[in-house]
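No value in this document is a laboratory result; all are computed from the given coordinates. Since the structure is predicted, the reported quantities are computational estimates derived from the model, not experimental observations. Here the Cβ positions follow ideal geometry from the backbone for every residue, glycine too, while neighbour counts run over all protein chains shown.
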Amino acid sequence: MVYLNRIYTKTGDDGTTGLGDGTRVPKTHPRIVSYGGVDELNSSLGVVLSGELPGWMSERLTRIQNDLYDLGADLCVPESGSAPETPRLRISADQVVRLEGWIDEANERLTPLTSFVLPAGTAAAAHLHMARTICRRVEIDVLHLAEFETINPQTHVYLNRLSDLLFDLARVANADGTKDVLWVPGANRGA
């Protein structure tokens, strides 16, 4: 259970912050960058959800927002060699499999692409594309963290699948892909 009785603590005024295990690290630490990016991604999904979406899409994105808090909690507590007193919250393969099912369902609505899609179209599609690009960057941040520290490998797998799902949902938000704005290679050369 989370209990916050005040927002400012002043403990970070020296440029450090506490991890879930009590360890203090610089706010520039790759672990902080990683779960800070997850928070940014989650906030971008809040922007998506503020617009008009089909109910099924809103429900899935809301579930994903909750998963992203799980993912942030996972990244906030470093892996340790000893068994913790209480089980740690970790992203699971089941959460990844659920995303894969949703990707397959969204893909059934779409025709195959003949060109790359520009991040444009309806407002919902544009916001979903923005969330997708944030997700890709966060995945890279998590992989960077994994170069130095042991992490749950499901974190970056989840982010990889989520970016794929956000791409498909952006196309769905563009009238099932019929309003996608396609890239025309070299269209403006010599213009």
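Is there a quick way to get the dipole size of the chain? I mean about its Cα centre, with the Cβ of Lys and Arg at +1 and of Asp and Glu at -1; what is the value in debye to the nearest 20?
Numbers: 18 positive and 25 negative charges, 98 e Å.
Dipole size: approximately 480 debye.
Amide H to amide H under 5 Å from residue 16: which residues, 5+ apart in sequence or cross-chain, H placed 1.01 Å off N in plane?
Here the answer is 27, since their amide H atoms fall under 5 Å of that of residue 16.
Add +1 for every Lys or Arg and -1 for every Asp or Glu among the other residues with Cβ under 9 Å from the Cβ of residue 109, and state the total.
Details: positive: 171; negative: 105, 108, 168, 176.
Once all neighbours under 9 Å are counted, the net charge is -3.
Remind me, relative contact order of the chain in percent, using alpha carbon pairs under 8 angstrom and six or more residues apart? Before the final figure, lay out the partial values.
Values: 215 pairs, mean separation 50.7, N = 191.
This gives 27 percent for the chain.
Starting from the amide H of residue 92, placed 1.01 Å from N in the peptide plane, find each other amide H under 5 Å away whose residue is 5 or more places distant or on another chain.
none
Which of these values of mean projected area of the Cα convex hull in nm² was calculated from the structure shown: (1) 18.2; (2) 14.4; (3) 10.3?
Step by step, mean projected area of the Cα convex hull in nm² for this structure corresponds to label (2).
Can you compute log10 of I(q)/I(0) for segment 87-189 with the Debye formula, treating each Cα as one identical point scatterer, at q = 0.12, 0.14, 0.22, 0.24 Å⁻¹?
One equal scatterer on each Cα of segment 87-189 leads to -0.48, -0.62, -1.12, -1.22.
Taking the Cα centroid of segment 96-149 and of segment 168-191, what is the distance between the two, rounded to the nearest whole Å?
So the two Cα centres are separated by 15 Å.
From the residues 113, 133, 75, which one has its Cα farthest along the dipole of segment 16-149 in the positive direction, the dipole being from +1 and -1 charges on Cβ of Lys/Arg and Asp/Glu about the Cα centre?
The listed residue farthest towards the positive side: 133.
If I fit a long axis through the Cα atoms of helix 153-173 and take the longest principal axis of the Cα atoms of the chain, what angle between them do I get, 0 to 90°, rounded to 10?
30
Please rank 155, 17, 114, fewest neighbouring Cβ atoms within 10 Å first, as an exposure proxy.
Working: 155 26, 17 19, 114 6.
Fewest-to-most ranking of 155, 17, 114: 114, 17, 155.
Would you calculate, for the chain, the mean residue ellipticity at 222 nm contributed by helices, counting each DSSP H stretch of 4 or more residues as -39,500 (n - 2.57) and dividing by all residues, to the nearest 500?
Value at 222 nm, helices only: -18500 deg cm²/dmol.
Using all Cα-Cα distances in segment 10-100, what percent lands in each 5 angstrom bin from 0 up to the longest?
It works out to 3, 12, 19, 19, 18, 13, 9, 5, 2, 0, in whole percents.
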